[in-house]
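Undergrad: One structure, pasted below without further comment.
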Amino acid sequence: MIKKVAILANGGDVSGFNAVIRAIVKTAENNNIECYGFIDGYRGLLSNNYVQLTTEAESKASGILPKGGSIIGSSTNANVFNFPVEENGERVFKDMSDICIENIKNDGFDCVFTLGGDGTQKSARDLSLKGINVIGIPKTIDNDVACTEITFGYNTAVSVAADAIDRLHSTAETHHRILVLEVMGRYAGWIALESAIAGGADVALIPEIPYDINKAAQKIINRKNRGKNFSIVVVAEGATPIGGQMCIRGKRNNGSGVDNNRLGGIGEQVAKQLEELTGLDSRCTVLGYTQRGGSPSAFDRVLSTKYGAKAMELAMQEKFGVLTIIKNGKLDYVSLEEVVGNNKKVGAASGNTPESNLRKVTMDHDLVKTARSIGINLGD
């Protein structure tokens, strides 16, 4: 019988974190289950730093449905199986997972809910192998968690990007320019593709389709020849030219168990090349963290609430080691083993590796077909 549960939010913040937390807490309260939250994700689990969460008027978890960010914080690049520590004045990486397991057991938590993306759920699966009851909830604006049709936070990010495209249209048309919008998404092009369709962009460059800049330029020249002396180009931060390299702004040193790449710069590169090839002035806007912050869309509020309530339901049914998902438009769940796919090594990285089980845009997806049908150039 489940009596006491804990929540941790991990990875980059998204709109919808708090809606999930609220749904878990409210469902727990309705079933006389105590709910707690680890502060700052896996770092809080490691330091055993947690607070009780209730929906009482003065509680931390009251009135949080429309609030962005996470009331219990979140940690990035925190893999407890390969965690940075100081020893003799030097930074080394050690497996600290046994401390986390001891904390969970000593605290008396019957289940830990892990709110996060592929890295978070990889660690959740690894903890489950060591006997911890975990249930994952798929979070990321990138929409790249395996086995689910949509992650919470994604819809809000797309809405922000589409709004930005709407605003860029007026400036592009007024000044006869190419305006390039660089959006997030890392190694998946969901945000770029869907926002391009929603915003009426002319070109969308995504990681899944290595692009030929000349093909994109020709699309813009064709518009120019028809009297349309402006264009909107959406570029995913992980987009890569044919035969070229992904733009990496820098490298972090957070160990082998996390993705240390800092992407960025492809928008400026594309803008410069398009200006040279078309003769039109070109400018780049990097949307950045505005995609992750702020109040969640109505869609994300509902999706997050569904995910949270479903996760608590699974806990009460003692179905652990799973991820809540949307499959064929309905709530469901799959094992975390299926989510990590071939990435079976405990503590291994979950990002852009051959073993990673990231959900990427496929060429037979409706978004790709729709984009091509309405004339959006995909750089190929």
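The values are calculated or read from the model by the stated rules, or taken from the named source; none is laboratory data. What you see is a predicted model; the values in this text were computed from it and never measured. Ideal geometry is used to build each Cβ from the backbone, glycine not excepted, and the neighbour counts take in all protein chains shown.
Undergrad: Of everything in the range 315-339, what is surrounded by fewer than 19 Cβ atoms within 10 Å (Cβ to Cβ) and closer than 24 Å to S15 by Cβ? Give them in sequence order.
TA: K327, G329, K330, L331, D332
Undergrad: Select from the range 4-38 the residues that are among the aliphatic types (A, V, I, L, M) and under 20 Å from G153 (Cβ atoms) and list them in ascending order.
TA: Within the range 4-38, the first condition is being among the aliphatic types (A, V, I, L, M), and the residues that meet it are 5-9, 14, 19-21, 23-25, 28, 33.
Selection gives I7, L8, A9, V14, A19, V20, I21, A23, I24, V25.
Undergrad: Considering the range 188-221 alone, what residues qualify as being farther than 19 Å from F152 by Cα and not aliphatic (A, V, I, L, M)?
TA: Across the range 188-221, the qualifying residues are G199, G200, D202, P207, E208, P210, Y211, D212, N214, K215, Q218, K219.
Undergrad: Can you tell me which residues in the range 306-328 are outside any helix (DSSP H, G or I) and either modelled with pLDDT under 95 or among the charged types (D, E, K, R) (or both)? Can you show your working first?
TA: The initial filter retains those residues of the range 306-328 that are outside any helix (DSSP H, G or I), namely 317-328.
Result: E318, K319, K327.
Undergrad: So G244 fits all but one of (1) without any contact (Cβ under 8 Å) to a residue 24 or more places away in the chain; (2) out of contact with any Gly (no Cβ under 9 Å at 6 or more places or on another chain); (3) over 25 Å from I374 (Cα atoms); (4) not polar (S, T, N, Q); what number is the exception?
TA: (1)
Undergrad: Among the residues of the range 40-98, write down those that are free of Cβ contacts under 8 Å to residues at least 60 places away in the same chain, within 11 Å of N10 (Cα to Cα) and in a loop (DSSP other than H, G, I, E, B).
TA: Answer for the range 40-98, where residues must be free of Cβ contacts under 8 Å to residues at least 60 places away in the same chain, within 11 Å of N10 (Cα to Cα) and in a loop (DSSP other than H, G, I, E, B): just D40.
Undergrad: Then there's this: Quick one: would you say D259 is touching a residue at least 60 places away in the same chain (Cβ under 8 Å), under 19 Å from the mean Cα position of the chain (by Cα) and closer than 30 Å to E90 by Cβ?
TA: Details: touching a residue at least 60 places away in the same chain (Cβ under 8 Å): yes; under 19 Å from the mean Cα position of the chain (by Cα): yes; closer than 30 Å to E90 by Cβ: yes.
Judged against the criteria, D259 is a match.
Undergrad: For Y289, work out the one condition from (1) without any contact (Cβ under 8 Å) to a residue 40 or more places away in the chain; (2) among the aromatic types (F, W, Y); (3) in contact with a Leu (Cβ under 9 Å, 6 or more places away or on another chain) it doesn't fulfil.
TA: For Y289, the failing item is (3).
Undergrad: Filter the range 290-302 for residues that are touching a Gly at 6+ places or on another chain (Cβ under 8 Å) and crowded, with 24+ Cβ neighbours inside 10 Å and give the result.
TA: Let us first name the residues in the range 290-302 that are touching a Gly at 6+ places or on another chain (Cβ under 8 Å), namely 292-296, 300-301.
If the condition is that a residue be touching a Gly at 6+ places or on another chain (Cβ under 8 Å) and crowded, with 24+ Cβ neighbours inside 10 Å, then P296, D300 are the ones that fit.
Undergrad: Could you identify the single residue in N222, N155 that is part of a helix (DSSP H, G or I), over 23 Å from the mean Cα position of the chain (by Cα) and over 23 Å from Q245 (Cα atoms)? Spell out the reasoning first.
TA: On the way: N155 fails: over 23 Å from the mean Cα position of the chain (by Cα).
On inspection, the qualifying residue turns out to be N222.
Undergrad: Sticking with this one: Can you tell me which residue among L277, L303 is modelled with pLDDT of 95 or more, more than 17 Å from D118 (Cα to Cα), part of a helix (DSSP H, G or I) and not assigned by TED's automatic domain parsing to the domain that holds N18? Talk me through it step by step, then tell me what you get.
TA: Working: L303 fails: not assigned by TED's automatic domain parsing to the domain that holds N18.
Result: L277 is the single residue among L277, L303 that is modelled with pLDDT of 95 or more, more than 17 Å from D118 (Cα to Cα), part of a helix (DSSP H, G or I) and not assigned by TED's automatic domain parsing to the domain that holds N18.
Undergrad: Kindly indicate the residue of the range 106-132 that is part of a loop (DSSP other than H, G, I, E, B) and more than 16 Å from the chain's Cα centre (by Cα) and also nearest to G351 (Cα to Cα) among those meeting that condition.
TA: Of the residues in the range 106-132, the ones part of a loop (DSSP other than H, G, I, E, B) are 108-110, 117, 129-132.
The next check asks that each one be more than 16 Å from the chain's Cα centre (by Cα); those that pass are 108-110, 129-132.
On the way: G108: 32, F109: 29, D110: 29, L129: 20, K130: 22, G131: 25, I132: 23 Å.
Ranking the candidates gives L129 first.
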